[in-house]
1. If each DSSP helix of 4+ residues adds -39,500 (n - 2.57) and the sum is divided by the residues in the chain, what number results at 222 nm, nearest 500 deg cm²/dmol?
2. Among Leu84, Ile42, Ser29, whose Cα projects farthest towards the positive end of the dipole of the chain, with charges put on the beta-carbon of Lys, Arg (+1) and Asp, Glu (-1)?
3. Note down the magnitude of the dipole of the chain about its Cα centre, charges +1 on Lys and Arg C-beta and -1 on Asp and Glu C-beta and zero elsewhere, to the nearest 20 debye.
4. Would you mind calculating the gained length between Arg53 and Ala80 on full extension (0.36 nm times residue separation, minus the Cα-Cα distance), in nm to one decimal?
Amino acid sequence: AESLLNGTPILYSKGVLGFEGVFNGVGPSVDPWSVESIREGIRDVLTENENYRRNIRKLSESGAFNIFNPEYIGERYIEALKDL
């Protein structure tokens, strides 16, 4: 989340709850148990860096990353507490 908020592409674990299928085009998913998969993912980040950064910028501008913003999270907690 911190990387995306700062416009940096990510390498994330394939098949694990988290970023897979949530944000498309922000970096490659890799098999966390395969050195070869991680190596290919790093190579992909290096060769496609500008494309990933462009996608991240578009997502950021659309507000997609607001869910990581501390103010947004705090507001959700306050709303939940008020509902109680």
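1. Counting only the DSSP helices, I get -16500 deg cm²/dmol.
2. Ile42
3. On the way: 9 positive and 13 negative charges, 32 e Å.
It works out to roughly 160 debye.
4. 6.3 nm
Every read-out reported here was derived from the displayed coordinates using simple, explicitly stated rules and does not represent laboratory data. Not measured: the values here are computed from a predicted model. All Cβ positions, even for glycine, are placed from backbone atoms using ideal geometry, and neighbour counts span all protein chains on display.
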